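Only one structure is covered here, and it is reproduced in the block below.
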Amino acid sequence: MPFEPAEPMLKIGVLMLPGQVPLDLIGPLQVLQSAERIAGGLSIRYFGPSPSLDWLGPLVLSGIEPLPRPLGRLDLLLVPGQYRSGIDPLLQRACAEWLREQAACAETVMSVCSGTLLLAEAGLLGGRRCTTHHTLQERLTELAPTAHVQGDCIFIEDGPYLTSAGISTGIDTMLHWLTRRCGHRVALSVAREMVLYLRRSGHEPQLGIWLEGRNHVDARIHRLQDALGSRLKHPWSLPAMAAEAAMSERHLRRRFKSLTGMALGEYVTRLRLQLARQLMSETDWSLARIAEEVGMGEDRQLRRAWQRFEPGSPQAWRRAHCGLNAPNGLSTSGSVPGRR
């Protein structure tokens, strides 16, 4: 099923700094380039303090715009990390000053690895949860003494700032952002194209079960998994799933379990719980409305399913993950941010 281009165009800026770590840039960019090829609707600009960068051995990156003033509205500003030995102190201070002035123009500022240190130098992380490479956490604490530096996760999102632990985690973090803005179907297609079936887990909502159990090559089962993920509100019966996969019911049950390690019913329930967690964190909808949206019918069924796979209650999870801004769960209004 083809994807419709995102509307309106998502505007992304990349801050190009001396000493840039190659994978900090290329990992997230590959996610974005794949998303553009699959769904369209992305516009990427590259700007920095110099028109070109010595990058990797004899390779040089050129065509870099001057730092824009004013920046203008961006959906995402990406700040890749730098090797500390490659930093030019004067340019670093200029970029920190620019970032301090312009960061508010971006809906999300995403740093990879030591890029978080630049956010700290710009004074943006005071009082916020954040992370960086494990070898740089002490330095991050020195630069942002009131920040809550965490070392037990691969990325953290706090307000407009999305910080990641280092190098390859930029891929996980960008997939997380892509899921929030373009939906899990686009992010899933990107991850499959990049052969990233099993995702690591952070403390923030991630793809989780959307990609678990996808490390196989059976096109019919992939087709069923895609259909389930995109139409969870649909009352999926075993005959309907068997028809979608073009298999007999008995063969589907056996084949699905052997390929994914999960029973088909368990897989559907976990998909619905993952979407329920996303809706609990992103909307002020009541549990009853969320249960209906994810195909569980009523909140009592959602609570029963929750008890099978999660400790505590849905309300306790919502309070813990939404903090002081947790919705009260009583409203029946609201919309899902980032859904198109």
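Subtracting the Cα-Cα distance from 0.36 nm times the residue separation, let me have the gained length for residue 281 to residue 258 in nm, one decimal.
5.0 nm
Working from Cα positions, state the angle (0 to 90°, nearest 10) between the long axis of helix 249-260 and the longest principal axis of the chain.
With both axes taken from Cα atoms, the answer is about 30 degrees.
Enter the per residue convex hull volume of region 10-184, computed from alpha-carbon coordinates, in Å³ rounded to the nearest integer. Intermediate values should be presented prior to the final figure.
Values: hull volume 18.8 nm³, N = 175.
Residue-normalised Cα hull volume stands at 108 Å³.
Fewest first, what order do 223, 180 take by the number of other Cβ atoms within 10 Å?
Listed from fewest to most nearby Cβ atoms, that is 223, 180.
How tilted is helix 22-39 with respect to the longest principal axis of the chain? Cα atoms for both, answer in degrees (0 to 90, nearest 10).
50
If you take every residue apart from residue 309 with its C-beta less than 10 Å away from the C-beta of residue 309, what net charge results, scoring Lys and Arg +1 and Asp and Glu -1?
Values: positive: 270, 308; negative: 266, 310.
Summing Lys/Arg as +1 and Asp/Glu as -1 gives 0.
What's the local net charge at residue 94, with K and R +1, D and E -1, over the other residues with C-beta under 12 Å away?
-1
Provide the per-residue ³J(HN,Hα) series for region 50-57, in order, calculated from phi with Karplus coefficients 6.51, -1.76, 1.60 and θ = phi - 60°, each as a whole number of Hz, with x at glycine and proline positions.
Per residue, the Karplus-derived 3J(HN,Hα) values read 10, x, 8, 9, 5, 10, 9, x Hz.
Please report the equivalent ellipsoid semi-axes of region 24-89, computed as sqrt(5 x eigenvalue) of the Cα gyration tensor, largest first, in whole Å.
Details: eigenvalues 102, 56, 26 Å².
Values for region 24-89, descending: 23, 17, 11 Å.
Have a look at the chain and give its Rg and Dmax from the Cα atoms, expressed in angstrom.
21.3, 68
Just need the relative contact order of region 10-184 here, percent rounded to a whole number, with Cα pairs under 8 Å and 6+ apart.
22
Scan region 64-93 for trypsin sites (Lys or Arg not before Pro) in coil per DSSP, keeping those whose Cβ has at most 16 other Cβ atoms within 10 Å, and list them by number.
Taking region 64-93 and a limit of 16 other Cβ atoms within 10 Å, the loop trypsin sites (Lys or Arg not before Pro) found are 73.
Which order do the peptides 133-146, 270-283, 28-41 come out in when sorted by mean C-beta neighbours inside 10 angstrom, highest first?
270-283, 28-41, 133-146
Taking 0.36 nm per intervening residue step and subtracting the Cα-Cα distance, what contour gain separates residue 54 from residue 134 on full extension?
26.2 nm
Search the structure for amide H atoms under 5 Å from the amide H of residue 158, placed 1.01 Å from N in the peptide plane, and list their residues when 5 or more places away or on another chain.
When sequence neighbours closer than 5 places are left aside, the close amide H contacts are 163.
Excluding residue 126 itself, calculate the net charge of residues whose Cβ lies under 14 Å from the Cβ of residue 126, where each Lys or Arg counts +1 and each Asp or Glu counts -1.
0
Between region 116-147 and region 265-301, how far is it from one alpha carbon centroid to the other, in angstrom?
Centre-to-centre (Cα) distance: 35 Å.
Region 267-325: Rg/Rh from Cα coordinates, Kirkwood Rh?
A ratio of 0.92.
Pop a pseudo-label 7 angstrom from the Cα along the beta-carbon direction at both residue 194 and residue 69 and give the gap in nm to one decimal.
Rounded to a tenth, the inter-label distance reads 3.4 nm.
Would you mind checking which residues have amide H under 5 Å from residue 109's amide H? H placed 1.01 Å from N; only 5 or more apart, or other chain.
Counting only residues 5 or more places away or on other chains, the set is 77, 161, 162.
Could you give each residue of region 227-241 its phi-based ³J(HN,Hα) in whole Hz, using Karplus coefficients 6.51, -1.76, 1.60 with θ = phi - 60°, and x for Gly or Pro?
5, 4, x, 8, 9, 5, 5, 5, x, 5, 9, 4, x, 5, 5
Rounded to the nearest 0.05, what FRET efficiency is calculated for residue 83 and residue 148 with R0 set to 30 Å and r the Cβ-Cβ distance? Display every interim value, and only then the final one.
Details: r = 26 Å, r/R0 = 0.87.
FRET efficiency, residue 83 to residue 148: 0.70.
Coordinate-derived values only; no laboratory data. Since we're looking at a predicted model, the values are computed, not measured. Virtual Cβ from ideal backbone geometry, glycine too; neighbours counted across all protein chains shown.
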